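Values quoted throughout were computed directly from the atomic coordinates according to the rules given, and no laboratory measurement underlies them. Remember, predicted model here, so these are calculated numbers, not experimental data. Glycine also receives a Cβ, built like all others from the backbone with ideal geometry; neighbour counts cover every protein chain displayed.
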Amino acid sequence: MIANQSIVDLVTQTIAPVIPQPFELVDVVYEKMGADYVLSVLVDKPQGITVDDTAELTDLISPLLDEIKPDPFPSQYMLEVSSPGLERPLKTTESLSAAVGSYINVSLYKAIDKVKVFEGDLVDFDGENLTLEYRDKTQKKMVVIPYSTVAKARLAVKL
């Protein structure tokens, strides 16, 4: 059986070249939900995604997945094409650069001052380091996070 990451990489390589402008392929996730496997393809465009957009993209993507040989999927799966929503993942340096000024959540591979998850305003990203302003109890603090230590980053909703 092919590992989930290999399936994600294979699907990404297959569909990324055919996603038309102004759409952007944000993420591909393959996971088990209950008894079912779900292949989630997250797409976005500047004005946001409509139901018609997801239907059109599903019609474009689905036949391509059937053409991958040998079939990488260990069992039947459901294809879900959707918007990344308010908490969209920030998977590339480009998406992080575009998120400067936004409120984000960052999970780290290794802790900084015993903290592995930060949530705050992304003040700067120079390609190497993220500068984040966050609240520690009542104080505003700044932290510089090396990009190489970021496990996951996503937009967050400030409550």
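Data for the structure
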| quantity | calculated |
| --- | --- |
| Full-extension gain in nm, residue 124 to residue 159, via 0.36 nm per residue minus C-alpha separation | 10.4 nm |
| Spin-label pair residue 79/residue 36, simplified geometry with 7 Å Cα→Cβ offset, distance in nm | 1.5 nm |
| Prolate/oblate/rounded label for the stretch 4-82 (Cα gyration tensor, a/c 1.5) | prolate |
| HN-Hα J in Hz across the stretch 137-149 - Karplus 6.51, -1.76, 1.60, θ = phi - 60°, x for Gly and Pro | 6, 9, 9, 8, 10, 10, 9, 9, 10, x, 4, 5, 9 |
| Cα centroid of the stretch 121-140 to Cα centroid of the stretch 19-94, whole Å | 30 Å |
| Dipole magnitude (debye, nearest 20) for the stretch 93-155, charges at Cβ of Lys, Arg, Asp, Glu | 400 debye |
| Radius ratio Rg over Rh of the stretch 93-155, counting only Cα atoms, Kirkwood formula for Rh | 0.92 |
| 222 nm mean residue ellipticity, helices alone, for the chain (DSSP H n ≥ 4; -39,500 (n - 2.57); rounded to 500) | -6500 deg cm²/dmol |
| About the Cα centre, charge dipole magnitude for the chain (Lys/Arg +1, Asp/Glu -1 at Cβ), debye | 920 debye |
| Candidate values [x] 74, 43, 19; [y] 53, 36, 29; [z] 38, 37, 37, label of the one derived for Cα extents along the principal axes in Å | [y] |
